[in-house]
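**Student:** Following this message is one structure expressed as structure tokens.
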Amino acid sequence: MATPDPIDLDTWTRRETFEYYREQVPCTYAITVEIDVTELVAALRRTGRKTYPAQIWAIATVVNRNREFRMALTDAGAPATWPVVHPAFTVFNPGRETFAVVWTPYEADFAAFHDRASAVLADAASADTMFPHGELPPDVFDVSSVPWTSFTGFSLQIDGGTRHLLPIFTIGRYVERAGRTLMPLAVQVHHASADGFHAARLVEEIRGLVAEPGWVG
């Protein structure tokens, strides 16, 4: 199993910020944005690839580019970063009106990730437990989809979540506007891990990745 890499506190420019929002004023914040996915939708239609695995892969790719969104705590409570984090994601069982949470290892190759994630989703679609594959590993971050409605704001109230430093993403139903397809995306962030600057950069990198979806195949 991978272990997080400790951060050198003597050279870390965010040390004071981390300690303040981790110990003195623990807090999370949420930002909800619209992502233009017009080109991504066209590429998926052309290739027959599935939408949800593509959304998950794009988010996971950008998360893994940014150290602030791979944050962890060591057993001693010191800040560290995972070398790679993997997406955990929800899948809905319409017959039970419940969802399951599963995960798959992140792969830089979209085709390989798509096939693996699609198989995991198909297998869990009839799950009758919340965690059909067992306990989630510590190096996963969360993605969920609410495809029944769009939204302009979304936040999670995490009780006792001061040790949860990895981001949480929620995807909404697409909206058509002025000939473009827009995807609501909410990002929940622990302020100890990342500031507004980092969250904005993350969002812009996701926008850039889905705007040029040559990776779809």
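The values are calculated or read from the model by the stated rules, or taken from the named source; none is laboratory data. The shown structure was predicted, so the numbers you read here are calculated from the model rather than taken from an experiment. When we count neighbours, we look across all protein chains shown, and the Cβ atoms used for this are built from the backbone with ideal geometry, even at glycine. Note: accessible area is taken over every heavy atom of the protein model, side chains too, but ligands, DNA and RNA are not part of it. Shrake-Rupley method; radii C 1.70, N 1.55, O 1.52, S 1.80 Å.
**Student:** Just the number please: accessible area per residue for segment 58-176, 1.4 Å probe, all protein chains included, in Å².
**Tutor:** Details: 5690 Å² over 119 residues.
Here the per-residue accessible area is 48 Å².
**Student:** Same structure again: Restricting to Cα pairs below 8 Å that are 6+ residues apart, what does the relative contact order work out to for segment 30-103? Please round to a whole percent.
**Tutor:** 17 percent
**Student:** Also, quick follow-up: Would you mind working out the magnitude of the charge dipole of segment 132-188 relative to its Cα centre, with +1 at each Lys and Arg C-beta and -1 at each Asp and Glu C-beta, to the nearest 20 Debye?
**Tutor:** 320 debye
**Student:** Additional query: Counting pairs of alpha carbon atoms under 8 Å apart in space and at least six apart in sequence, what relative contact order in percent does the chain give?
**Tutor:** 32 percent
**Student:** Something else now. Using a ≥ b ≥ c from the Cα gyration tensor of segment 81-195 (square roots of the eigenvalues), is it rounded, prolate or oblate, where a/c under 1.5 gives rounded and otherwise the larger of a/b and b/c decides, a/b for prolate?
**Tutor:** Rounded, because the longest to shortest axis ratio a/c is under 1.5.
**Student:** Now a separate question. Given the Cα-Cα distance of TYR20 and ALA112 and 0.36 nm per residue of separation, how much length would full extension add, in nm?
**Tutor:** Details: separation 92, 0.36 × 92 = 33.12 nm, distance 4.07 nm.
Difference between extended and current length: 29.0 nm.
**Student:** Near GLU176, within a Cβ-to-Cβ distance under 15 Å, what is the net charge of the other residues, with Lys and Arg +1 and Asp and Glu -1?
**Tutor:** Working: positive: ARG45, ARG173, ARG177, ARG180; negative: GLU34, ASP36, GLU39.
After counting each charged neighbour, the total is +1.
**Student:** So how much slack lies between PHE131 and LEU156, counting 0.36 nm per residue of separation and subtracting their Cα-Cα distance, in nm?
**Tutor:** Taking PHE131 through LEU156 to full extension adds about 7.0 nm, to one decimal.
**Student:** While we're here: How big is the dipole moment of segment 1-47 about its Cα centre under a simple scheme where the beta carbon of each Lys and Arg is +1, that of each Asp and Glu is -1, and everything else is neutral? Debye, nearest 20, please. All intermediate terms of the calculation are to be shown ahead of the outcome.
**Tutor:** On the way: 5 positive and 9 negative charges, 63 e Å.
It works out to roughly 300 debye.
**Student:** While we're here: Counting alpha carbon pairs within less than 8 Å and at least 6 residues apart, what relative contact order, in whole percent, applies to segment 126-217?
**Tutor:** 23 percent
**Student:** So, taking all protein chains as they sit and a 1.4 Å probe, how much accessible area belongs to HIS190, in Å² rounded to tens?
**Tutor:** Its accessible surface works out to 0 Å², give or take rounding.
**Student:** Here is a further query. Mind putting a number on the dipole of segment 1-125 about its Cα centre? Charges go on the C-beta only, +1 for Lys and Arg and -1 for Asp and Glu, and I need it in Debye to the nearest 20.
**Tutor:** 480 debye
**Student:** What share of the DSSP beta bridges in segment 134-217 is antiparallel, in percent to the nearest 5?
**Tutor:** Here the antiparallel bridges make up roughly 60 percent for segment 134-217.
**Student:** Report the label-to-label distance for GLU176 and LEU9 in nanometres (one decimal), using points 7 Å from each Cα along the Cα→Cβ vector.
**Tutor:** Rounded to a tenth, the inter-label distance reads 5.6 nm.
**Student:** Tell me the label-point distance for the pair TYR29, ASP123, using the 7 Å Cα-to-Cβ offset, in nm and rounded to one decimal.
**Tutor:** Calculated label separation equals 4.0 nm.
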